[in-house]
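K.L.:
First, the structure itself, so that you have it in front of you.
The values are calculated or read from the model by the stated rules, or taken from the named source; none is laboratory data. Just so we're clear, the structure is a prediction, and the values are computed from it rather than from any experiment. Positions of Cβ are backbone-derived with ideal geometry, glycine not excepted, and every protein chain shown enters the neighbour counts.
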Amino acid sequence: MDLEQLRKTAAEVVVREDVKYLIGWKQGSYGYRVAPVFVEDASGAAELLFSPLCTANLATYLTLVEKTPLPRGQEADKRKVALLVKGCDSRAVTQLIVEHGINRDQVIVVGCPCPGVVDTEKLAEKYPEQGKPAEVEWNGENFVLLCDDKETELPRDQFLAEKCRLCRHPNPVISDITVGEPVEPWTLADDNGVEEIEGKNLEERQAYWEEQFSKCIRCYSCRNVCPLCYCQDCILDRLNPTWVNRAVNFSENTAFNIARAFHLAGRCIECGECERVCPANIPLGKLNRKMAREVRDKYGFEPGVDPEAEPFQASFKPDDPEDFIL
Amino acid sequence: MTDKPKVGVYVCHCGINISATVDVETVADYALKLPNVEVARTYSYMCSDPGQVLIKNDIKEHGLNRIIVASCSPRMHEPTFRKAIQEAGLNPYYLEMANIREQCSWVHEDMEEATAKSKKLVASAVAKVRLLEALESKEVDAEPAALIIGAGIAGIQAALDIADAGFKVFLVEKTPSVGGRMAQLDKTFPTLDCSACILTPKMVDCASHPNIELLSYSEVEEIGGYIGNFDVKVRKKARYVDFDKCTGCGDCAAECRVKDRFPSEFDQGMGKRSAIYLPFPQAVPAKYTIDPESCLYLTRGKCGKGPKCQEVCKAEAINFEQEDEIVEFKVGAVIVATGFDPFDASRKPEYGYNDYPNVITGMEMERLVSASGPTGGKVKVFNGEEEIEPKEVAFIKCVGSRDASVGNEYCSRVCCMYVAKQAHLIRDKIPDANIRVYYIDVRAFGKGFEEFYDRVRRENVRYIRGNPSEIFKRGNKLVVKVEDTLTATPLEDEVDLVVLGVGLEPRADMREIMDLLRLSQSPDRFFLEAHPKLRPVDTATEGVFLAGCCQGPKDIPDTVAQAKGAASSAMIPLARGKVMISAQVAEVDEATCRGCGFCVNICPYTAIELVKINRFGHEVEVARVNEALCKGCGSCSAGCLSDSIQPKSFRDRQILPQIAALGVLK
């Protein structure tokens, strides 16, 4: 990735009068951290980064920005927002367009073809994080860790994030400006990422998820980071009726996690952010991926690839399979 | 909720429908102990006048403000009791029905358990009734006009009735002429009057009626709106003949360069027509039409030195530049009278319909015996060597009906009688013919049917019970292979002509109409009526009615009766000039709606749209419900991720306590 080209392109975009700011990544304060940055002027573009550490899906900020009440007479800022996206992030943008979360003409998509990002936890396990920021770069098939003037080769099969291993769209599915050359999609492993779950019988599954959901501390990080969980008033927060009680226990935790999985059925674009941010290490990716596989296998639908698609949860065909209806 | 709820619970015996299985007194005693319940009574028939008076008096005496009737399904008597409590001064939506009949007494046997369940159902209703809100119904104006789709006998009759009552009718017919299937028939059973003779006066009437606007050779493209206010868009297909100038003289068809080259739709392909044609001599309107798929000039851009039709037309009516025209209008009600398709006999390959010219369908037989048909009414067949009068004629019934192998389990209701009629006509024309009818059952249920069937048998038409397995050729003869199941005798019957008594099927293009009007199909794939017994001409879409065979196979009298029923139902909103809009509709919480539009997609009634609103200075999209279109079905609510759209009276906060009271939720 040519960072100079990225920064130059970004600088050209942010100076445009119809652009409010550009959301991108910058180096974090320590270790393998990468922070989001809102670039408002050309000088800010110099901070931008795109590396195998840029796991965060910035599309979530498109809907996270609060629309605070405006004083009477004051016009809302209708300028566009520019956004750096990887393949998976672009699917979130596409899905947001499908469900009117954002308007297509309100966003400038700056596409960054992505050869895959690293799993920072696996990385930190082998090469513990240090007080100062480290860099990771793409190097052919593999990654390379740059730290203390040392270059350490990181084999792809050891450090590639799980979501990337299963990724079918490394190149952004929509973009207004593309930085860098398209990436050749890689051959996917034979497994579909949910074989481990599917291999369990009902009792084993129950036991597995009971253990996992019991760990949940209901911090709602998964919900907050999710680019497609953007209801301004989440039903899980409501009191009348109380769909999910606030008590943190297996039953309520399960209700919460299952409700979220169902709300994401046919919407989840598998960016893996929920699983990445979960402080309790609940394998939420598996849960959402299983839903996504059901949707893909039964209905041939993949969310976030076609901005003209009908939203899956709101479309019906007379010949839709319904063998799961009891 | 301003005042404290005071609930009255009324438990109905429904004769012994409920009380034989449910101890109604125990249920009432139990109800009295429930919170906010002031009065609990039982009565033999709560829906009767004294039953209603009981409720009304209690409302006045005890100041009741919420009423529960524990009786039948709300589909049965909710309107009855709503009206009753309204008469006593309560908001009609302060009523809750506990269904202890269909959902309890009728489906259980054990009295103790059924009583316990009834108690739960009543407790559940009490939990909800306290949370109900007062709703107000609204009225909107209704357009005093009707749209009728399809101008067969059903559409024609409905149009005439509505037009005679003084309302405007738009009668849309896909083909160039009105008349439909009935116009193709020769004689009609069981009275043997000539189909054309009784139909053509009606066809002429509907074309000349001042209140009927006949849109022939036209198709409905779009229908929006709702009962009382449907917005209709119709495409008038180009005839390439100026409608006003054409005199119907027929010079054009006589001179057409491809004269009599194309199978005539009206004659079931047995006769021929030109590229410019009148479907049949009595067609209404008597205006010629150019078939764009067979006209040389329209398909190849040239026709000799110039189109001959244009040369000979004294009225100068031929216009190859003509284009489709879109007509838009508004109506208050819609009648669907789109008819049927005859069963395609090639789907029963064992009968060799595609292989042997002398295996014909009942519809083809109608044209063959008709004086206006391709043979002038003479029944002749070509046996491979010469043209002969068929002396051995076999009819096979239930072809494509009562046959799960072709997906049609239903009885087509007309085949028994039309086969009997055709057998009679053959006997009439060929007195020495040997005629036999292969049947599974003979269903002669209508007025005069059994007598007619008897008469035909007495005319020496042999009825042989057996369902033929195969038809094949032997020399100049067709062989019907069949077992006479009454004598258990296998037969190989050599005949000259086989008539397949094909059944009636839903039209192949019915999905277009279903999508236009959001109609449903019953398991037989015909259009689904709102209630099989009590609302046989209504549909789930208010203001849309069904007439004729599009709803299910019917003979002519039944079709006419249903058409008259549909006409009178359609005239209710037209005559009132107003339609009541249900108050039980979905409502959007604009503060929490995220404007994703899922509900817009999901709504089966196109009742929801996205609108832009100003939310504290920001322009945002939210869903908005058209209350006139909404049926309160709740589909939107099920699809809403933020619970921002909910049907009134069925909000989560109203039904969750109801479910909790059943002991399902904690």
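K.L.:
Condition first: hydrophobic (A, V, I, L, M, F, W, C), touching a Pro at 6+ places or on another chain (Cβ under 6 Å) and either more than 9 Å from chain A (Cβ to nearest Cβ) or surrounded by 15 or more Cβ atoms within 10 Å (Cβ to Cβ) (or both). Can you find one or more residues in the stretch B:638-651 that meet it?
P.N.:
no
K.L.:
Something else now. So, in the stretch B:1-35, of the ones that are of a type in the set (Asp, Glu) and in a loop (DSSP other than H, G, I, E, B), which residue ends up farthest from residue B:63 (Cα to Cα)?
P.N.:
Among those that are of a type in the set (Asp, Glu) and in a loop (DSSP other than H, G, I, E, B), it is B:23.
K.L.:
Still on this model: For the structure I just gave you, tell me whether residue B:271 is at positive phi and modelled with pLDDT under 95.
P.N.:
No.
K.L.:
Next up: Tell me which residues, restricted to the stretch B:298-320, are crowded, with 21+ Cβ neighbours inside 10 Å and out of contact with any strand residue (DSSP E or B) (no Cβ under 8 Å at 6 or more places or on another chain).
P.N.:
B:308, B:313, listed by residue number.
K.L.:
What strands (runs of 3 or more DSSP E) completely inside the stretch B:336-437 contain at least 1 residues that are over 27 Å from the mean Cα position of the chain (by Cα) and not β-branched (Val, Ile, Thr)?
P.N.:
B:392-399
K.L.:
When residues of the stretch B:164-194 are filtered for being surrounded by fewer than 22 Cβ atoms within 10 Å (Cβ to Cβ) and part of a helix (DSSP H, G or I), how many remain?
P.N.:
Residues that pass the stated criteria total 2.
K.L.:
Ok, one more. Here are some residues: A:210, A:322. Which one is over 23 Å from residue B:595 (Cα atoms), outside any loop (DSSP other than H, G, I, E, B), more than 14 Å from chain B (Cβ to nearest Cβ) and out of contact with any Leu (no Cβ under 6 Å at 6 or more places or on another chain)?
P.N.:
Just one listed residue meets the conditions, A:210.
K.L.:
I would also like to ask the following. Name the single residue that is surrounded by the fewest Cβ atoms within 10 Å (Cβ to Cβ) among those in the stretch B:227-243 being among the hydrophobic types (A, V, I, L, M, F, W, C) and under 14 Å from residue B:285 (Cα atoms).
P.N.:
Step by step, filter the stretch B:227-243, then rank; the result is B:243.
K.L.:
Mind counting the residues in the stretch B:44-58 that are in contact with a strand residue (DSSP E or B) (Cβ under 9 Å, 6 or more places away or on another chain) and farther than 16 Å from residue B:95 by Cβ?
P.N.:
3
K.L.:
Can you find a residue in the stretch B:483-496 that is touching a Ser or Thr at 6+ places or on another chain (Cβ under 9 Å), within 30 Å of residue B:548 (Cβ to Cβ) and charged (D, E, K, R)?
P.N.:
Taking every residue of the stretch B:483-496 in turn, none turns out to be touching a Ser or Thr at 6+ places or on another chain (Cβ under 9 Å), within 30 Å of residue B:548 (Cβ to Cβ) and charged (D, E, K, R).
K.L.:
If you don't mind, there's one more thing I want to ask. Here is a check on your reading of the model: is residue B:590 among the acidic types (Asp, Glu), more than 14 Å from chain A (Cβ to nearest Cβ) and either touching a residue at least 12 places away in the same chain (Cβ under 8 Å) or surrounded by 18 or more Cβ atoms within 10 Å (Cβ to Cβ) (or both)?
P.N.:
So residue B:590 does not fit the description; no.
K.L.:
Can you name every residue in the stretch B:454-496 that is touching a residue at least 60 places away in the same chain (Cβ under 8 Å) and closer than 21 Å to residue B:428 by Cβ?
P.N.:
Within the stretch B:454-496, B:495, B:496 meet the criteria.
K.L.:
Right, another one. Among (1) farther than 30 Å from residue B:619 by Cβ; (2) in contact with a His (Cβ under 9 Å, 6 or more places away or on another chain), which single condition is residue B:584 missing?
P.N.:
Only one criterion is unmet by residue B:584, namely (2).
K.L.:
Oh, and also: Please work out if residue A:245 is loosely packed, with under 14 Cβ neighbours inside 10 Å and within 10 Å of another protein chain (Cβ to nearest Cβ).
P.N.:
Answer is yes for this residue.
K.L.:
Quick one: in the stretch B:574-587, which of the residues that are surrounded by fewer than 20 Cβ atoms within 10 Å (Cβ to Cβ), part of a loop (DSSP other than H, G, I, E, B) and of a type outside the set (S, T, N, Q) is farthest from the other protein chains (Cβ to nearest Cβ)?
P.N.:
B:577
K.L.:
Return the residues of the stretch B:630-659 that are of a type in the set (Gly, Ala, Ser) and closer than 11 Å to residue B:131 by Cα; say none if nothing qualifies.
P.N.:
Within the stretch B:630-659, B:649 is the sole residue that qualifies.
K.L.:
Among all residue pairs at least 6 apart or on different chains, which show Cβ distances below 7 Å where the first residue, located in the stretch A:217-239, is within 17 Å of residue A:55 (Cα to Cα) and within 14 Å of another protein chain (Cβ to nearest Cβ) and the second is outside any loop (DSSP other than H, G, I, E, B) and of a type in the set (Ser, Thr, Tyr)?
P.N.:
Correct list of pairs: A:226/A:60; A:227/A:60.
K.L.:
Within the stretch B:617-632, is there a residue that is more than 12 Å from chain A (Cβ to nearest Cβ), without any contact (Cβ under 8 Å) to a residue 60 or more places away in the chain and among the basic types (Lys, Arg)?
P.N.:
Within the stretch B:617-632, one or more residues are more than 12 Å from chain A (Cβ to nearest Cβ), without any contact (Cβ under 8 Å) to a residue 60 or more places away in the chain and among the basic types (Lys, Arg).
K.L.:
Then there's this: What are the residues in the stretch B:600-620 that are surrounded by 17 or more Cβ atoms within 10 Å (Cβ to Cβ), in contact with a Leu (Cβ under 9 Å, 6 or more places away or on another chain) and over 16 Å from residue B:517 (Cα atoms), if any?
P.N.:
Of everything in the stretch B:600-620, just one residue is surrounded by 17 or more Cβ atoms within 10 Å (Cβ to Cβ), in contact with a Leu (Cβ under 9 Å, 6 or more places away or on another chain) and over 16 Å from residue B:517 (Cα atoms), namely B:600.
K.L.:
Report the residue count in the stretch A:55-80 for those that are away from every other protein chain (no Cβ under 14 Å) and either touching a Leu at 6+ places or on another chain (Cβ under 8 Å) or not in a loop (DSSP other than H, G, I, E, B) (or both).
P.N.:
Within the stretch A:55-80, residues that are away from every other protein chain (no Cβ under 14 Å) and either touching a Leu at 6+ places or on another chain (Cβ under 8 Å) or not in a loop (DSSP other than H, G, I, E, B) (or both) number 5.
K.L.:
Hey, another quick one. Tell me the residue from A:24, A:101 that is touching a Leu at 6+ places or on another chain (Cβ under 6 Å), of a type outside the set (D, E, K, R) and not in a helix (DSSP H, G or I), please.
P.N.:
So the residue among A:24, A:101 that is touching a Leu at 6+ places or on another chain (Cβ under 6 Å), of a type outside the set (D, E, K, R) and not in a helix (DSSP H, G or I) is A:24.
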